[in-house]
1. Would you please name the residue that is farthest from T59 (Cα to Cα), looking only at residues in the range 102-116 that are assigned to a strand (DSSP E or B) and not polar (S, T, N, Q)?
2. Among the residues of the range 42-66, count how many are surrounded by 11 or more Cβ atoms within 10 Å (Cβ to Cβ), closer than 23 Å to I110 by Cβ and in contact with a strand residue (DSSP E or B) (Cβ under 6 Å, 6 or more places away or on another chain).
3. Go through the range 42-101 and report how many residues are more than 25 Å from N143 (Cβ to Cβ), in a strand (DSSP E or B) and among the basic types (K, R).
4. Considering only residues that are touching a Phe, Trp or Tyr at 6+ places or on another chain (Cβ under 7 Å) and aromatic (F, W, Y), look in the range 114-128 and name the one that is surrounded by the fewest Cβ atoms within 10 Å (Cβ to Cβ).
5. Consider E75 against the criteria (1) farther than 19 Å from L149 by Cα; (2) among the charged types (D, E, K, R); (3) modelled with pLDDT under 80: it satisfies all of them except one. Which criterion is unmet?
6. So how many residues does the range 138-149 have that are exposed (fewer than 13 other Cβ atoms within 10 Å of the Cβ) and either among the aliphatic types (A, V, I, L, M) or touching a Lys or Arg at 6+ places or on another chain (Cβ under 7 Å) (or both)?
7. Specify which of the listed residues (V69, V89) is at pLDDT 85 or above, aliphatic (A, V, I, L, M) and loosely packed, with under 13 Cβ neighbours inside 10 Å.
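The values are calculated or read from the model by the stated rules, or taken from the named source; none is laboratory data. Since this is a predicted model, take the numbers as computed values, not measurements. In this analysis, Cβ positions are derived from the backbone assuming ideal geometry, glycine residues included, and neighbour counts consider all displayed protein chains.
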Amino acid sequence: MKKINLLLSIAGISLLSACGGSDSGGSSNNDSSVPSSVSVANGIRTSELSAPEGFAFSTEREVTFNLSVANSQSERGFMSIYTEFNEGVVDYTSQIIVTPMNDQTVFESIITLPNHVDKVWIEVWYPSAIGSKISSSVDIVDNNVSAVL
């Protein structure tokens with residue numbers, strides 16, 4: 001029994017010592033062939049770049065909305081605003097607002113939108129007149145969306 005334990009111990013130690021101890025394999029971040037900064041075409045290194053004083057990077061902006069309906073088809077309607085659409089096909093998961101709307105209502109609000117959004121899709125729909133809706137693409141101009149639908 002002692003011989004079996006001794007043989008198993010020796011085999012285990014041999015196996016472990018054969019698998020470890022080398023620094024040549026695996027991942028290493030000490031590669032001296034990678035430069036500490038990347039050069040661009042005009043010779044400026046990224047480490048030499050600087051932002052002007054007062055620069056504030058932002059991925060979003062505040063947009064002022066001023067929307068109304070010229071003629072309401074019903075006393076009670078709703079307006080929905082979407083940020084993602086392509087040629088009239090709306091991504092309904094991009095809805096940012098749904099609010100009651102009729103010809104006596106003016107929607108005024110300030111909404112924070114991502115910088116990449118340069119136009120919105122607006123739909124006004126009426127529960128009592130299923131199938132009839134007003135829809136329009138409206139450009140964001142100087143952080144303002146203004147329209148009479």
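1. Of the range 102-116, the ones assigned to a strand (DSSP E or B) are 106-114.
From what is left, the residues that are not polar (S, T, N, Q) are 106-108, 110-111, 113-114.
On the way: V106: 29, F107: 25, E108: 23, I110: 16, I111: 14, L113: 9, P114: 6 Å.
Once the filter is applied, the top-ranked residue is V106.
2. Number satisfying all stated conditions: 5.
3. Within the range 42-101, residues that are more than 25 Å from N143 (Cβ to Cβ), in a strand (DSSP E or B) and among the basic types (K, R) number 1.
4. Here the answer is W125.
5. Of (1) farther than 19 Å from L149 by Cα; (2) among the charged types (D, E, K, R); (3) modelled with pLDDT under 80, only one is false for E75: (1).
6. 4
7. Working: V69 fails: loosely packed, with under 13 Cβ neighbours inside 10 Å.
Going through V69, V89 in turn, the sole match is V89.
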